[in-house]
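Trainee: Quick one: structure below, then a few questions.
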Amino acid sequence: MTSQAQPHAEHFDAHGHKDHGHTIVSVATLRTVLALLLFFTLLTVGATLVEVWIADTFNVLIPQWVNVFVALSIAAVKTVIVVMFFMQLKYDSPLNTMIFVFTLLTVCFFLGFTVLDLGNRGTIDRFKEGHILRGGTGLGTGMPITQSSKIAAVTNQTYDEHLAHHAHHGPRLPITEAGYVSKVPLAGSSAQRSKPVQGITLEGLSVPAAQTEDEHGEGPAH
Amino acid sequence: MATIDLGKHGAHGSAPVNDDRPYHERYQAAHHFVDREHEFDAVKMGVWLFLSTEVLLFSGMFVAYAIFRMMYPDAFLSGSAHLDYRWGLLNTVVLLLSSYTVAAAVRHAQTGNQKWLQINIILTFIAGLIFLTIKGVFEYYKKYSEGLLPGKFYSYPYAENVPYEPLWWGIYWGATGIHASHVIVGMGLFAWLYVRSRKRHFGPGHYNAVEGVGLYWHIVDIVWIFLFPMLYLIH
Amino acid sequence: MASIDLGKSGALHGAHGHEHHGSYLEGKGGFWATVWDWMTTVDHKKIGMMYLVAILFMFFLGGMAALAVRLELFAPTVVDATGQISGNLLGQMFGAGDSLADSNLFYNRAMTIHGIIMVFLVIVPSVPASLGNFLLPLQLGAKDVAFPRLNLASWYIYLLGSFFAILSLLNYGVDTGWTFYTPYSTTTDEGHLRVVWMVTAAFILGFSSIFTGLNFVVTVHKLRAPGMGWFDMPLFVWGIYGTAIIQVLATPVIGITLILLLFERIFHIGIFDPRLGGDPVLFQHFFWFYSHPVVYVMILPGMAIMNELIAAGSRKKIFGYRAVAFSTLAIAGISFIVWGHHMFTSQGEVAAVVFSALTFLVAIPSAVKIFNWISTLYKGSIILTTWNLYALAFLFLFSIGGLTGLFLGSLAVDLHLHDTYFIVAHFHYVMMGGTIIAFIGGIHYWWPKMTGKMYNETVGRIGWFFVFVGFNATFFPQFLMGSRGMPRRYASYVPEYEFWHQFSTIGSGLLALGLFVHLFGFLASLAAGKKAPANPWGALTLEWTHASSPPIEHNFEHEPVVTHGPYDFDTVLPAQTKPGEYSLPRPAAPGSKYH
C-alpha cells in the first residue's frame, strides 16, 4: 500500500533526477586540497617577487601580460580545485557543472567583446587617412589603398576606362538633360556618373580662412 | 490514467505530537517535492544558480578592472605599490583556511558529528572576522588616513603625478568593498547556521542550509583568490 | 481511486489538504483572514494573480505617461517673435507653459518615466511573473514552483522596487531617459536624490527578476510530472525556461552597472568620466550587456504564449516542436553576444562591425518560430476568439518589428536611423506589438482558468479591434518619421513632421480606448461572467485537462501522469464532462476513432 519500500532510483527517474548518494569527501582529500591551495598562493606571490627580482637584477622590462597571465593561471587552478573538491562539483550532478561553465562563458563574452571595443579605438584611423576613393577601391592592383586612391583622385581614369570597353549605350547624357536642375557647378557630372566637386556646395557659406585641408587629407567640403 | 499513492505527500513538514527525534531526522520535504533527496537536489541547483548571479555581479568589477588596467597600466602599477601584499597574503590564507573549515563543517553534518559541526561554523565565522579586521584596521584605515580614497575624495599629499591614479583607487575600493560586504553577509549566515546547529537541525539526512551557505562562502573565497593577485601583485 | 496513505506522521496531520477541495480563490473565513492569507501565501497561483493586478496597474500608469508624451507631441513647440510659446501642451498642463526649459523638462521626465515603468515594472515581469507563475507548475503537473517562499519574496521585492520608483516619480522623476546614459545621469541634478532613487528601484527590481528566473529554471528541471520528458512539455514552458536562463545570467550585470553608476554619481570614482580617465561608452557596454538580453526576456514569454494560442486556436499540432524548442534556446544564447548593436554610433568601428554581423544571427531563430506558427495555422481550424485574434495580430506586428530590427542591425543603415523615431517604432512593434499583444491574448485565453469565469467575446473583439487599429495608427507613422530624420526623445520638431505626429497621437487615443474596453470587459467578467468549464477551449495541456477552473489549492486532485503530448489534437480529444460544454468545434461523432 505504501511506497516506502521502493528504492529511490527507480521511482524518480521520470523527474530526471537521480539519487546521488551524498558523497562524503574524505578528510585526506580536504587536507590535500588545502595544502595545494596554500602552496599555489605562495607560488603566486613567489612568482611576482621573482619577476621583480629578474627585472631589477638583469635590467629587463618584463611585459605586463606575463604578470597577468601567470597570476590568472594560478588563480584559475586554485579555483578549479576549490570548485571540484570543496564545492564537490566533481561528485555532483553534471547539471550544476553546466551552470558554472555557462556562467564563466558569459563572463568571457562580456569581457571579450568589451575589451574588443575599448582596446581597438583608433585602429581603423590609419585606413581612413588617405583620400576617400572615387570609382572603386583599387584593391587587386597591389597598391595600398591610400596610394591608389590618390591616383584615382588625380586621373579619375579607372572607372571610365572600364566602362569604355564595355559600354553598350550611346553617349552619356549631360545631367541637365536628364531633367535635373543643379544649384552647384557640375564639373563634368553626367546622368550616369557624378563627379564630386571640391569646395563649398551650399550657397551663402564661406570657407574658413585658415583651413584648407584637415588631417585626413580631405578638403573643406568634406 | 494512473494515480500515485499519496503517502509521501501526506505530511507537510510538521511533526506529530509524540515524535521526539531530532529535527534533522523527522524533517519532511516540502509537499511539492517527492522526498528529501529530491528537495536536496533542487535546493543545490537553486544555490548554484544564485552563485552564478554572484559571479556575474563580480564580473562587472573584473571587466572594469581589465579595461582600466589595459588603458592605464602605470596608474595601476603605482597604485598597487601602495598596497602591502603581506596583508593580502594573510587575508588569502585566512579565507582559504575558512574554506577548509566550511567544507569540514559540511562533512561533519553529513556524518552527524554535531560538536565539530558547531566548532567549524564558529571557526569560519572567526575567519571572516579576522579577514574584516585586517581589511578594516590595517588596510582601509591606513588608506583613509593617507587620503588614498576613490575618485573625488582622493587627497594623497605626496601625489606622484601619475595620471588617473584615483581611478585605480576607485576600482580597488569598489572591488574590495563589494567583496567585504559579501563577507559580512556570509558571517551573518554563519551566525544563523550556528543557532540552528545548536538546536540540532542538521544531520546526515538534512543539511541543506549548511551545504548552501558553504557553497556561497566558497564563491566569496574564489572571488578573493582572483582579487588578491590582481590587486596586490601587479608588477 | 488512490488510497491515501497518511505517511509517518499519523492521522493527526494526514487529513490536511485532502478534505478541502475548494478553489484557490476561496476566502479563508473573514475579510482580514483572507487578506492575511493572500499576504503570506506561498501558492504560486495567488502570487501570480497579485503580480497580474500590480502589472496591469503599472501598465495603466505607464500608459498615462505615454499619453502625456503623445499629448506634448501633438503640436510642435513654437516660440514666436514675441517670445510667446505655443504647442507645449504638457508644460501648460503642469503650469510650466511660460518656460521652454521647464516644459521640455516635463517632457523629458514623462518620456523617462514611461520608459522606466514600461520596461522594469511592466514588461520584464509581465508574462513570467503573472502567467508564468500561475501556469508553470500546472503545465508541468507539479504542486508548486520549486521554491515557493522565494516566490513570495520575489513578489515583495517587486513591491519594494515599485515603491522606490513611485517615490522618485512623486519627486518629479528623472529626465535621463530609461537608459541612464552617462555623463548626463552622473553629472546633472546635483543635490537631488531622484536619479539615486530610480537607480535603486531598478536595482531592487533586478533581484525580483533573478529570483523568479532561478525558481523557474529549477522548477522546469526538477518538478516535471512522471512521463513528461523535455520534449513532452508545452512550448510555453520552453519559452519561460529560456527567459529564466537569461534572467539569471544577465540581470546581475545590470546590478553591478547600477552600483557603479551610483558610485560614479556619489563618489565620482571616474570610471565613466573622461576627465578622470574613464569612458562613458563603458557604461553603455555594461548597460546593454544586460538590456539587450532583457529584450529577449520580454519577447520570449510572448512567443511562449503564442505557442499555446496558435495550437489551440487552430486545433492543430505545433509545426516543428523541436525547432521551436531549440530556437528558444538559440535566442537565449545568441542574445548575449549582440548587445553592441545599441551602440553603433558610440563604440569603436571594429566592435561595431563584429556586433552587426552577429546581430543578423539572432533573427534566424525568431524567423523559424514565425514560419512554424504560420505552418501550424495552415489547414488548421482557426477560430476567431479574442485571444486567437491577438495571436494573429502578433504574427503581423512582430514580423514588422522583427524585420525592422534587421534594418537596424545593418551598421551602415543604423548610423542614419539610430536615435530616430524608426527605433522607437521598431521597439514598440516588438515589445508592445509582440509581448503586450501576446500578453493580452494570454490573459484572455487563461482567464477562465485563473478566475473561473468566462469573458464576453464581443467586448473582447471590440477591444481587440481598437487596440489593433490604434496600435498601427500610433506606431506606423513613426517608421515614416524616423526614416525621414525625426529624432527621438525630442519634445518638439519641425513642422514637416506635424501631420504624422498628430496621426500618431490620435492613434494612441484609439489604442487607449481599446485597452479601456478590455479593462471594462475584465471587470464585467469578474462581476457577472458565466461560470467557466474546466476546458472551454478544448486544449490538451495539463492545466486544461487535469485542473478545474479555477484550480484547487494543490492544483491537482492526483498527481497527473502524462499520456499524450501537449498538442496532439490529431489523436486525442479531451474528455467532455457535460454535453455542450465547449463553445468550440466539435466533439467527435460516437464510434469514431477519437473515443
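Trainee: Provide the three semi-axes, in whole Å and in decreasing order, of the ellipsoid equivalent to region B:52-192 as defined by the square roots of 5 times the Cα gyration tensor eigenvalues. Before the final figure, lay out the partial values.
Mentor: Numbers: eigenvalues 244, 52, 28 Å².
So the equivalent ellipsoid measures 35, 16, 12 Å along its semi-axes.
Trainee: Here is a follow-up. When only alpha-carbon atoms count, how far does chain C stretch along each of its three principal axes, as whole angstroms with the largest first?
Mentor: Sorted largest first, the three principal extents are 83, 52, 50 Å.
Trainee: To continue, here is another question. Nearest 0.05, what FRET efficiency do residue B:235 and residue A:32 give at R0 = 25 Å with Cβ-Cβ as r? Kindly include the intermediate steps, with their values, before the conclusion.
Mentor: Working: r = 31 Å, r/R0 = 1.22.
E(calc), rounded to 0.05, equals 0.25.
Trainee: Tell me the angle of helix C:421-430 to the major Cα principal axis of chain C, expressed in degrees between 0 and 90 and rounded to the nearest ten.
Mentor: For C:421-430 against chain C, the angle is about 10 degrees.
Trainee: In region C:425-537, how does Rg compare with the Kirkwood Rh, expressed as the Rg/Rh ratio over alpha carbon atoms? Walk me through the intermediate numbers first.
Mentor: On the way: Rg = 17.4 Å, Rh = 15.6 Å.
Radius of gyration over Kirkwood radius for region C:425-537 works out to 1.12.
Trainee: Once you compute Rg and the Kirkwood Rh from C-alpha atoms, what is the Rg to Rh ratio for region C:356-510? Please report the intermediate quantities before stating the final value.
Mentor: Details: Rg = 17.5 Å, Rh = 17.0 Å.
Computed over Cα atoms, the ratio is 1.03.
Trainee: Sticking with this one: Tell me, how many Å apart are the Cα centres for region C:386-461 and for region C:89-162?
Mentor: 18
Trainee: On to the next question. If packing is taken as the mean number of other Cβ atoms within 10 Å per residue, what is the order of A:42-55, A:100-113, highest first?
Mentor: Working: A:42-55: 15.1, A:100-113: 17.4.
Per-residue Cβ counts within 10 Å, averaged per peptide and sorted highest first, yield A:100-113, A:42-55.
Trainee: Mind giving me the nanometre distance, one decimal, between the label points for residue C:465 and residue A:104, set 7 Å out from Cα along Cα→Cβ?
Mentor: 6.0
Trainee: Let me ask you something else. Hey, what angle do you get for helix C:280-314 against the long axis of chain C, alpha-carbon based, 0 to 90 degrees rounded to 10?
Mentor: 40
Trainee: Quick check on my link table: of C:143/C:530; A:78/B:143; C:28/C:317, which ones sit more than 31 Å apart, alpha carbon to alpha carbon? Kindly include the intermediate steps, with their values, before the conclusion.
Mentor: Details: C:143/C:530 27 Å; A:78/B:143 29 Å; C:28/C:317 41 Å.
Pairs exceeding the cut-off: C:28/C:317.
Trainee: Of A:39, A:55, A:68, which is farthest on the positive side of the dipole of region A:12-95, counting Cα position, with +1 on Lys and Arg Cβ, -1 on Asp and Glu Cβ, and the Cα centre as origin?
Mentor: About the Cα centre, the residue reaching furthest to the positive side is A:39.
Trainee: Tell me, how many Å apart are the Cα centres for region B:56-127 and for region C:469-548?
Mentor: Measuring centre to centre over Cα atoms gives 52 Å.
Trainee: Next question, about the same structure. For every other residue with a beta carbon closer than 10 angstrom to the beta carbon of residue C:556, add +1 if it is Lys or Arg and -1 if Asp or Glu, then tell me the sum. The partial results should precede the final answer.
Mentor: On the way: positive: C:143; negative: C:543, C:557, C:559.
Around residue C:556, the surrounding residues sum to -2.
Trainee: Net charge around residue C:350, counting only other residues with Cβ within less than 10 Å of its Cβ (Lys, Arg = +1; Asp, Glu = -1)? Write out the running numbers ahead of the final one.
Mentor: Numbers: positive: A:121; negative: A:117, C:349.
The answer is -1.
Trainee: How shielded is A:77-90 by partner chains, expressed as the average number of their Cβ atoms within 10 Å of its Cβ atoms?
Mentor: On the way: counts 1, 8, 7, 1, 0, 9, 5, 0, 1, 13, 15, 8, 3, 0.
Rounded to a whole number, the mean comes out at 5.
Trainee: While we're here: Under Stokes-Einstein, with the Kirkwood radius over Cα pairs standing in for Rh, what whole-number D in µm²/s applies to chain B at 25 °C and 0.890 mPa s?
Mentor: Details: Rh = 20.2 Å.
Estimated via Stokes-Einstein, D reaches 121 µm²/s.
Trainee: Over region C:513-562, average the accessible area per residue using a 1.4 Å probe and give it in Å², no decimals. The partial results should precede the final answer.
Mentor: Values: 1930 Å² over 50 residues.
So region C:513-562 comes to 39 Å² accessible per residue, rounded to a whole number.
Trainee: Over 23 Å, how big is the tail of the calculated P(r) for region A:12-95, in percent of all Cα pairs? Could you put the intermediate results ahead of the total?
Mentor: Working: 1600 of 3486 pairs.
When every Cα pair of region A:12-95 is considered, 46 percent fall beyond 23 Å.
Trainee: Just from its helices, what would the mean residue ellipticity at 222 nm be for chain C, if runs of 4 or more DSSP H residues each count -39500 (n - 2.57) and the sum is divided by every residue, rounded to the nearest 500 deg cm²/dmol?
Mentor: On the way: 20 runs with 358 residues, N = 595.
Roughly -20500 deg cm²/dmol at 222 nm, from the helical runs in chain C.
Trainee: Give the accessible surface of chain B per residue, rounded to a whole number of Å², with probe radius 1.4 Å and ligands, DNA and RNA excluded.
Mentor: On the way: 8470 Å² over 235 residues.
Here the per-residue accessible area is 36 Å².
Trainee: Follow-up. How charged is the neighbourhood of residue B:191? Take every other residue with its Cβ under 14 Å from the Cβ of residue B:191, and add Lys/Arg as +1 and Asp/Glu as -1. Mind dumping the intermediate values first?
Mentor: On the way: positive: B:196, B:198, B:199; negative: none.
It works out to a net charge of +3.
Trainee: So if the hydrodynamic radius of region C:504-564 is defined as the Kirkwood radius over C-alpha pairs, what does Stokes-Einstein give as its diffusion coefficient at 4 °C and 1.567 mPa s, in µm² per second? Please report the intermediate quantities before stating the final value.
Mentor: Details: Rh = 14.6 Å.
D, rounded to a whole number, is 89 µm²/s.
Trainee: Any chance you could tell me what percent of the C-alpha pair distances in region C:247-316 go past 18 Å? Could the numbers behind the result be given before it?
Mentor: Working: 1308 of 2415 pairs.
Tail of the P(r) past 18 Å holds 54 percent of the pairs.
Trainee: Based on DSSP H assignment, which helices of chain B show an axial Cα extent of at least 30 Å together with a mean Kyte-Doolittle hydropathy greater than or equal to -0.5? Before the final figure, lay out each step's value.
Mentor: On the way: long enough: B:36-71 (52 Å, 0.78); B:85-111 (39 Å, 0.60); B:165-198 (49 Å, 0.49); B:208-232 (36 Å, 1.22).
Qualifying helices: B:36-71, B:85-111, B:165-198, B:208-232.
Trainee: Residue C:499 versus residue A:95, label points 7 Å from Cα toward the beta carbon: distance in nm?
Mentor: About 6.0 nm separates the two model spin labels.
Trainee: Diagonalise the Cα gyration tensor of region C:298-382 and give the resulting equivalent ellipsoid semi-axes, square root of 5 times each eigenvalue, largest first, whole Å.
Mentor: Each semi-axis is √(5λ); the values are 33, 10, 10 Å.
Trainee: With only alpha-carbon atoms in the gyration tensor, what are the semi-axes of the equivalent ellipsoid for region C:237-388, in Å, largest first?
Mentor: Values: eigenvalues 306, 53, 24 Å².
Each semi-axis is the square root of five times an eigenvalue, giving 39, 16, 11 Å.
Trainee: Using the per-residue mean of other Cβ atoms lying within 10 Å as a proxy for protection, in what order, highest first, do the peptides C:519-528, C:560-569, C:254-263, C:324-333 fall?
Mentor: C:254-263, C:324-333, C:560-569, C:519-528
Trainee: Kindly state, as a whole number, the per residue volume in cubic angstrom of the convex hull around the alpha carbon atoms of region C:130-289. The partial results should precede the final answer.
Mentor: Values: hull volume 18.3 nm³, N = 160.
Cα-based convex hull of region C:130-289, divided per residue, equals 114 Å³.
Trainee: Once the Cα atoms of helix C:386-409 and of chain C are each reduced to a long axis, what angle between those two axes, in degrees from 0 to 90 to the nearest 10, is obtained?
Mentor: Here the helix axis deviates by roughly 40 degrees.
Trainee: So between residue C:374 and residue C:149, what do we pick up on full extension, going 0.36 nm a residue minus the alpha carbon distance? Walk me through the intermediate numbers first.
Mentor: Numbers: separation 225, 0.36 × 225 = 81.00 nm, distance 4.01 nm.
My answer for the length gained is 77.0 nm.
Trainee: Points 7 angstrom from Cα along the Cβ direction at residue C:526 and residue C:38: gap in nanometres?
Mentor: Between residue C:526 and residue C:38, the simple spin-label model gives 0.8 nm.
The values are calculated or read from the model by the stated rules, or taken from the named source; none is laboratory data. Quick caveat, the model's predicted, so the values are computed rather than measured. Please note: Cβ atoms are built from the backbone with ideal geometry, for glycine as well, and neighbour counts cover all protein chains shown. For accessibility, only protein heavy atoms count, side chains too; no ligands or nucleic acids. Shrake-Rupley method; radii C 1.70, N 1.55, O 1.52, S 1.80 Å.
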